[in-house]
1. In contact with a helix residue (DSSP H, G or I) (Cβ under 7 Å, 6 or more places away or on another chain), more than 18 Å from Asp100 (Cα to Cα), at pLDDT 95 or above and within 16 Å of the ligand (Cβ to nearest atom): does that describe Gly202?
2. In the stretch 9-45, what residues are open to solvent by 60 Å² or more (accessible area, probe 1.4 Å) and in contact with a Pro (Cβ under 9 Å, 6 or more places away or on another chain)?
3. Just need a number here: residues in the stretch 163-183 that are part of a strand (DSSP E or B), out of contact with any Pro (no Cβ under 8 Å at 6 or more places or on another chain) and more than 16 Å from the ligand (Cβ to nearest atom).
4. If only one of Ala126, Ala134, Ala92 is aliphatic (A, V, I, L, M), loosely packed, with under 12 Cβ neighbours inside 10 Å and away from the ligand (no atom under 16 Å from the Cβ), which one is it?
5. If you take just the helices (runs of 4 or more DSSP H) that sit entirely in the stretch 207-318, which of them hold at least 3 residues that are closer than 26 Å to Glu6 by Cα and aromatic (Phe, Trp, Tyr)?
6. Of these, Glu236, Glu254, which one is more than 16 Å from the ligand (Cβ to nearest atom) and either outside the structural domain of Leu382 (by TED's automatic domain parsing) or hydrophobic (A, V, I, L, M, F, W, C) (or both)?
7. Could you identify the single residue in Lys398, Lys361 that is free of Cβ contacts under 8 Å to residues at least 60 places away in the same chain and more than 16 Å from the chain's Cα centre (by Cα)?
8. Among the residues that make up the stretch 86-101, is at least one of them out of contact with any strand residue (DSSP E or B) (no Cβ under 9 Å at 6 or more places or on another chain) and among the aromatic types (Phe, Trp, Tyr)?
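The values are calculated or read from the model by the stated rules, or taken from the named source; none is laboratory data. Since the structure is predicted, the reported quantities are computational estimates derived from the model, not experimental observations. Cβ sites come from the backbone with ideal geometry, for glycine too, and all protein chains shown count toward neighbours. Each accessible area value is taken on the protein alone, full model and side chains, heavy atoms only, with ligands, DNA and RNA left out. Shrake-Rupley method; radii C 1.70, N 1.55, O 1.52, S 1.80 Å.
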Amino acid sequence: MELLEERYKLAKLLGHKNFAETNMIGTMVSAPANVVKFTDTLSAAIKAPVVKEKAILLAQKQKLTPDAKQVHRWDASYLSNIIREQDYSLDAKEVRQYFDYDKVRDGIVALSESMFDITIKPSKVATWHSSVEAYEVYEHNKLIGSFFLDSHPRDGKFTHAAQFGMQMGKKGQTLPKAALVMNFPKGLMEHSQVETFLHEYGHLLHFIFAGQNDIGYSRFQGESDFNEAPSMMLEEWVWDYDTLKDFATNAKGEVIPKALVEKMNKARYFGQALGVATQLTYTALSFDLYNRDPAGIDLDAFEKDIFERYSPYGYVEGTHMHASFGHLDGYGAKYYTYQWSNSIAEELLSRFKQEGLLNKKTAKDYRQLVLAKTGTKPAAELVKDFLGRDFSVDAYAKKLSNGG
Ligand SMILES: [Zn+2]
């Protein structure tokens with residue numbers, strides 16, 4: 001409550017209507033009204049797919065518990081896994097054998113070399129732990145940056161996966177230096193971990209390519225609701241057989257079968273609408289709490305109302321998510337960023353899908369027009385320069401309404 005009140009006071013001091021308005025300064029959406037428009041568009045797009053996916057989960061639950069009347073939040077991922085195995089005959093164990101950490105790492109490095117015409121060499125520089133791997137990035141024999149991969153868990157280490165800028169790149173002065181701090185097994189990885197690896201590696205490439213101009217690039221120079229888009233786009237490559245066949249091999253050296261990648265892609269979008277509905281629930285909670293004067297808000301009643309309107313599983317009596325929702329602090333009103341970035345990623349991807357994911361000319365344009373220019377002009381213009389047209393959220397909304 002105190003956080004809401006103090007931020008509201010700050011907004012008033014600055015002459016704004018509320019903190020949501022203050023919080024939207026320097027974003028792509030630029031004003032609260034555009035967040036409402038955006039989330040309304042997505043809510044409409046997922047309406048029918050949510051009903052469909054919920055019915056499938058309920059039918060599965062009734063096979064296990066014949067008198068079940070509804071699916072709860074805590075049932076969803078368990079039931080989804082059963083459905084992926086039964087209906088899509090996708091076995092996570094079968095997939096895992098093709099993703100050995102060393103091969104995945106080398107495959108991701110090689111992918112970036114061939115897409116962006118760079119050379120990456122292991123480096124002998126000192127690191128903070130014996131398991132940390134150091135690399136240097138060259139373009140036509142010229143050093144343009146360096147990075148570290150701290151990929152495996154150990155006691156006392158950060159437990160998530162993230163990219164950290166260690167030194168900002170500034171033309172003629174400093175070279176960009178970054179680290180990926182992740183927690184992957186040393187041997188076989190889940191496919192979702194390979195996706196996370198490439199996502200974080202996407203932030204790293206962005207940091208290095210944007211760090212060649214004279215503004216001194218950090219992720220804070222771009223609009224906060226744009227920065228996830230390039231990495232979200234790059235996730236697509238781990239679903240592409242032509243990319244995977246170059247590094248996804250098992251212990252016998254056999255390449256991942258094309259049919260298996262096709263099965264993975266078929267199962268990929270099951271549960272997408274339910275996932276987006278949950279994201280929109282959090283988006284509404286984050287946005288609506290700040291898009292008003294907080295005086296007199298009953299937080300529990302407020303949260304209950306949001307969950308009943310947006311969540312596919314409704315509100316669970318006695319829960320107080322606002323008390324543990326860390327994004328209400330760091331992201332403030334801007335939880336919408338995740339879905340917004342997804343919608344931009346879909347647009348950026350549209351040109352790659354047309355011209356080929358491994359098309360070097362497309363990748364070169366993307367690097368030069370979007371990644372290298374981040375922070376030098378509005379992100380909407382970067383996207384327009386690359387697409388040759390204004391971007392729109394319609395492609396993402398259409399994908400959601402089609403169930404993927
Ligand atoms: Zn990210």
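1. Working: in contact with a helix residue (DSSP H, G or I) (Cβ under 7 Å, 6 or more places away or on another chain): yes; more than 18 Å from Asp100 (Cα to Cα): yes; at pLDDT 95 or above: yes; within 16 Å of the ligand (Cβ to nearest atom): yes.
Considered against the rule, which asks whether it is in contact with a helix residue (DSSP H, G or I) (Cβ under 7 Å, 6 or more places away or on another chain), more than 18 Å from Asp100 (Cα to Cα), at pLDDT 95 or above and within 16 Å of the ligand (Cβ to nearest atom), Gly202 comes out as yes.
2. Matches in the stretch 9-45: Lys17, Glu21.
3. The first filter runs over the stretch 163-183 and keeps only residues part of a strand (DSSP E or B), leaving 163-167, 169-170, 174, 177-181.
So of that shortlist, the ones also out of contact with any Pro (no Cβ under 8 Å at 6 or more places or on another chain) come out as 163-164, 166, 170, 174, 177-181.
Applying the additional criterion that residues be more than 16 Å from the ligand (Cβ to nearest atom) yields 166, 170, 174, 177.
Residues meeting the conditions: 4.
4. Numbers: Ala134 fails: loosely packed, with under 12 Cβ neighbours inside 10 Å; Ala92 fails: loosely packed, with under 12 Cβ neighbours inside 10 Å.
The unique qualifying residue is Ala126.
5. Values: elements: 229-234, 241-244, 258-268, 272-290, 299-310.
Result: 272-290.
6. Values: Glu236 fails: more than 16 Å from the ligand (Cβ to nearest atom).
After ruling out the rest, the residue left standing is Glu254.
7. Details: Lys398 fails: free of Cβ contacts under 8 Å to residues at least 60 places away in the same chain.
Being free of Cβ contacts under 8 Å to residues at least 60 places away in the same chain and more than 16 Å from the chain's Cα centre (by Cα) holds for just one of Lys398, Lys361, which is Lys361.
8. Checked against the condition, which is being out of contact with any strand residue (DSSP E or B) (no Cβ under 9 Å at 6 or more places or on another chain) and among the aromatic types (Phe, Trp, Tyr), the stretch 86-101 yields at least one hit.
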